[in-house]
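A.B. asks: I am attaching a structure below and will ask some questions about it afterwards.
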Amino acid sequence: MTKRVAILISGGGSNMLALLRDMGMGGHPARPVLVASNDPAAAGLAKAAAQGVPVAAVDHRPFKGDRTAFEAALLAPLLAAEPDILCLAGFMRVLTPDFVNRFAGRMLNIHPSLLPKYPGLHTHQRALDAGDAQAGCTVHEVTPVLDDGPILGQARVPVLEGDTADTLAARVLVQEHRLYPAVLRRFAAGDRTPVLL
Ligand code: GAR
């Protein structure tokens, strides 16, 4: 039986599309059952729908900071889709421990830094400010601590002379699109050995 995968996005969804593309290849151990967003205007929703994947939007703004109520609303379409695996792909809301624990051991996230360096925001600028020679991205299992949890894969890129946060982000994003599908493929097959690119 292939694993059922739901994906949460907040924006353009390029990582989500990379996951859909890979799951569309023959012999993949998983298939997409839902793409959901906290932003009804997220460009990724239309892209997922165009691929024939069911989509849902639960706007977080009317909940005005009541994370529990927002998450209860988000859970409705999610649980209805009965995912085995939940992938965060550019999902920019912090999730409560209750929500995370519900998907313990089966929720993945991609983060644009070489964790444990630079959890949180502005990762590329922080790598530049620190004078790092390398930057990259990490796919990890989600635990209640933000951008923590067992590392399932990392991809590295060199920091080049003259890099800005934007040029570095673009170089890392190319690797994100390789890394996340490779990790999901392995994870869905029951293998948690880290993917190192
Ligand atoms: C990606 O770079 C992802 O790593 C990052 O947001 C971008 C989403 O792009 N995620 C985070 O910063 C999570 N804290 P996408 O919508 O094109 O996949």
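A.B. asks: Of the residues A57, A46, A36, A42, which is within 16 Å of the ligand (Cβ to nearest atom), more than 20 Å from P181 (Cα to Cα) and surrounded by 19 or more Cβ atoms within 10 Å (Cβ to Cβ)?
C.D. replies: Criteria check complete, one pass: A42.
Okay, residues lined up against (1) in a loop (DSSP other than H, G, I, E, B); (2) open to solvent by 30 Å² or more (accessible area, probe 1.4 Å):
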site	(1), (2)
Q125	no, yes
D148	yes, yes
L152	no, no
P181	no, no
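A.B. asks: I'm trying to understand the selection: among the residues of segment 98-123, which are open to solvent by 80 Å² or more (accessible area, probe 1.4 Å) and either assigned to a loop (DSSP other than H, G, I, E, B) or farther than 23 Å from A72 by Cα (or both)?
C.D. replies: Within segment 98-123, P116, K117, L121, H122 meet the criteria.
A.B. asks: Would you point out the residue of segment 154-173, among those that are in a strand (DSSP E or B) and within 19 Å of A18 (Cβ to Cβ), that is most open to solvent (accessible area, probe 1.4 Å)? Lay out the reasoning, then the answer.
C.D. replies: Initially, segment 154-173 is screened for residues in a strand (DSSP E or B), giving 154-158.
Narrowing the set further to residues that are within 19 Å of A18 (Cβ to Cβ) leaves 154-157.
Numbers: Q154: 24, A155: 0, R156: 119, V157: 7 Å².
Result: R156.
A.B. asks: What number of residues within segment 109-131 are among the small types (G, A, S) and under 17 Å from the mean Cα position of the chain (by Cα)?
C.D. replies: Adding up the residues that qualify gives 2.
A.B. asks: Being more than 16 Å from the ligand (Cβ to nearest atom), open to solvent by less than 60 Å² (accessible area, probe 1.4 Å) and either not in a helix (DSSP H, G or I) or not charged (D, E, K, R) (or both) narrows it down to one of L75, L79, L86, L95, so name that one. It would help to see each step written out before you state the result.
C.D. replies: Details: L79 fails: open to solvent by less than 60 Å² (accessible area, probe 1.4 Å); L86 fails: more than 16 Å from the ligand (Cβ to nearest atom); L95 fails: more than 16 Å from the ligand (Cβ to nearest atom).
Matching residue, one of L75, L79, L86, L95: L75.
The values are calculated or read from the model by the stated rules, or taken from the named source; none is laboratory data. Here the structure is a predicted model, which is why all the values come from computation and not from measurement. A quick note on method: Cβ atoms are made from the backbone with ideal geometry, for glycine too, and the neighbour counts reach across all protein chains shown. Only protein heavy atoms, including side chains, enter the accessible area calculation; ligands, DNA and RNA are left aside. Shrake-Rupley method; radii C 1.70, N 1.55, O 1.52, S 1.80 Å.
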